[in-house]
Amino acid sequence: MKQWLLRLEPIIWLLFGQGILLGTLLLTGWILVVGLAIPLGLVPAEALSYERAHALASSLVGKLVLLALCALPLWKGAHHIRSLAIDFGGAERDTAVAGCLYLIAIVGSLLAIAAVVRL
Amino acid sequence: MSGSKKTFVITRFDPDRDEAPRQQSYEIEVDPRWKVLDALNHIKDEVDPSLSHRWSCRMAVCGSCGMMVDGKPSLTCKDSLADHGDTVEVAPLANFPVVRDLVVELEGFLDKLKQVKPWIIRAKERAVEEGTHRQSPAEHQEFKQFSMCINCMLCYSACPVVANEPDFLGPAAIALGHRYNLDSRDEGDHERQEVFRGEGSVFSCSYANECSEVCPKNVDPAAAVNQAKFRAVIDWATSFVVPRGGEG
Ligand code: FES
């Protein structure tokens, strides 16, 4: 398991890095629009009416953005919590902790893929 | 120059006598122009010859005088006493086994330096008659910053990952390996990638950036570590396309 983790480190770090970069960027934009701009009436609610949102989400770009939005923050979170666990003295249990956290990220990512494919 | 008094609370440890490190205070007259190292040398020469500490060049070049001063990793020959209060705490560098008083064990660190193969590796050595390897100033600039490390180990005592994962290669060793990977004369990238992605993985770094904060030579090891991660990712990704020859 430890060797596996070591071997997969580059891809995990890449997903984590993109989680920071793309995930944070997209998530911030998402929260600004859906959580603030629409409720405050800065953007008319019809702009994200079901039909429009569905059309946007079913385009290829829309699907990719949604996938990134759902999956990348999971990797960012998993990796951060893993580092945190080590900082709090969990270095010995790192393999098990990392395995569980990345498993959650993998399952979440697969679910996100399944969801956007069905859109 | 009128002197003033300062109290130095120094961590002492004699492996033959002490079970655990203890603290000893010395109140001495100091010259305001002194560095922390000057005060330690004064204590050793005039007050207590049993005090052990390392130093050599007194000009921030040899890297041997690193200690914790007031809880922070510091190069004591560069650290002005004027920047500290009336009581100054001096302890051995954190994250290293202590040999005696302020002297720490270097073996583990030196072994990590060796692991990254800090020398120029060529796929095929070139004959002397063929002349030297030429390098342009721009190519030299690529790695110059990372070659300024004086191995003072302050970055290891500042690094939270080193504290928790003793196998982690650590800032200075990764910066040194990366320095050779960036050298236009070197062809040992793949050999070092194995080390960078092995037990002491560069990916263990959680980018706390403490190493670059404490580095007295502005090497910016955190930048080296993160560039090394990116290179490791590229190397890993291209390994699927371009098969690696001559491994092992
Ligand atoms: S004595 Fe040489 S670096 Fe301080």
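Observations, loosely collected:
- Put a dot 7 Å past the Cα of residue A:113, heading toward its Cβ, do the same for residue A:6, and the two dots end up 2.7 nm apart.
- Across the cross-link table entries B:6/B:35; B:35/B:78; B:114/B:217; B:35/B:72; B:6/B:44; B:78/B:112, which are compared at the Cα atoms, the separations over 18 Å belong to B:114/B:217; B:78/B:112.
- Across the accessible surface of region A:2-117, with the other protein chains kept in place and a 1.4 Å probe, carbon and sulfur atoms take up 78 percent.
- Cβ-derived FRET efficiency at R0 51 Å, residue B:98 paired with residue A:20, nearest 0.05: 0.85
- Paramagnetic label zone (point 7 Å from Cα along Cα-to-C-beta, residue B:122; backbone N under 16 Å) in region B:172-210: B:183-189
- Residue with peak Gaussian network fluctuation, chain B [Cα springs, cutoff 10 Å], from B:97, B:49, B:118: B:49
- Difference of contour (0.36 nm per residue) and Cα-Cα distance, residue B:110 to residue B:239: 43.4 nm
- Per residue accessible area of chain B, 1.4 Å probe, in Å²: 51 Å²
- Using the alpha carbons alone, the radius of gyration of chain B stands to its Kirkwood radius in an Rg to Rh ratio of 1.06.
- Computed [θ] at 222 nm, deg cm²/dmol, the protein assembly as shown (DSSP H ≥ 4; -39,500 (n - 2.57); rounded to nearest 500): -13500 deg cm²/dmol
- Buried accessible area, chains B and A (both chains, 1.4 Å probe, Å² to nearest 100): 1300 Å²
- The apolar share of the surface of region B:107-241, taken as the fraction of accessible area on carbon and sulfur atoms (1.4 Å probe, ligands and nucleic acids excluded), comes to 51 percent.
The values are calculated or read from the model by the stated rules, or taken from the named source; none is laboratory data. Remember, predicted model here, so these are calculated numbers, not experimental data. Cβ atoms come from the backbone with ideal geometry, glycine included; neighbour counts cover every protein chain shown. With ligands, DNA and RNA removed, areas are computed over all heavy atoms of the protein, side chains included. Shrake-Rupley method; radii C 1.70, N 1.55, O 1.52, S 1.80 Å.
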